1. Which one is surrounded by the fewest Cβ atoms within 10 Å (Cβ to Cβ) among residues in segment 66-88 that are touching a Leu at 6+ places or on another chain (Cβ under 8 Å) and within 15 Å of residue 17 (Cα to Cα)?
2. Looking only at residues that are among the polar types (S, T, N, Q) and either under 11 Å from the mean Cα position of the chain (by Cα) or at pLDDT 90 or above (or both) in segment 11-35, which one is farthest from residue 56 (Cα to Cα)?
3. Can you tell me which residue in segment 1-35 is farthest from residue 82 (Cα to Cα), limited to those that are aromatic (Phe, Trp, Tyr) and assigned to a helix (DSSP H, G or I)?
4. Which of the residues that make up segment 36-88 are polar (S, T, N, Q) and either assigned to a loop (DSSP other than H, G, I, E, B) or in contact with a Ser or Thr (Cβ under 9 Å, 6 or more places away or on another chain) (or both)?
5. What residue, among those in segment 13-35 that are in contact (Cβ under 8 Å) with a residue 40 or more places away in the chain and among the polar types (S, T, N, Q), is surrounded by the most Cβ atoms within 10 Å (Cβ to Cβ)?
6. Of everything in segment 36-65, what is touching a residue at least 24 places away in the same chain (Cβ under 8 Å) and either farther than 14 Å from residue 87 by Cβ or surrounded by 12 or more Cβ atoms within 10 Å (Cβ to Cβ) (or both)? Give them in sequence order.
7. Regarding segment 31-48, can at least one residue be identified that is in contact with a Cys (Cβ under 7 Å, 6 or more places away or on another chain) and not β-branched (Val, Ile, Thr)?
8. Can you tell me how many residues in segment 51-88 are more than 9 Å from the chain's Cα centre (by Cα) and not β-branched (Val, Ile, Thr)?
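The values are calculated or read from the model by the stated rules, or taken from the named source; none is laboratory data. All values reported here derive from a predicted model rather than from experimental measurement. We place every Cβ from the backbone using ideal geometry, glycine too, and count neighbours over all the protein chains shown.
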Amino acid sequence: MSREQFAELIRWKSFVWLVSIINLCFMLPQLYQLWTSRFSDGISLATLVLLVLIQGSYSMHGFFLRDKPLLWGNGLACLVSVVTLLLV
């Protein structure tokens, strides 16, 4: 069985889309806390900056590979992280 056949058998594309959505939702609780309470204690700026760099890099990787889950999942997650970073 080839790698492509195995990926199709286990529905790999669907799994990657699910992980992309989870990645997007990852920072939403932090964003909600900042938006509603303006309380930013316990949120690390260094972690947020690294997260933005990683998510932005993977989004660009998805762009260059024409991989929509990587592009959109990480791009939107990066956007949420940037908004969170700006609110901190």
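1. The extreme case among them is 76.
2. Residue satisfying both the conditions and the ranking: 14.
3. 6
4. Going through segment 36-88, the residues polar (S, T, N, Q) turn out to be 36-37, 40, 44, 47, 55, 57, 59, 74, 81, 84.
Answer for segment 36-88, where residues must be polar (S, T, N, Q) and either assigned to a loop (DSSP other than H, G, I, E, B) or in contact with a Ser or Thr (Cβ under 9 Å, 6 or more places away or on another chain) (or both): 40, 44, 55, 74.
5. Of segment 13-35, the ones in contact (Cβ under 8 Å) with a residue 40 or more places away in the chain are 13, 16-17, 19-21, 23-24, 26-28, 30-31, 34-35.
Imposing the further condition that a residue be among the polar types (S, T, N, Q) reduces the set to 20, 23, 30.
Values: 20: 23, 23: 20, 30: 19.
The residue in question is 20.
6. Matches in segment 36-65: 40, 43, 48, 49, 51, 52, 55.
7. No, that holds for no residue.
8. The qualifying residues number 16.
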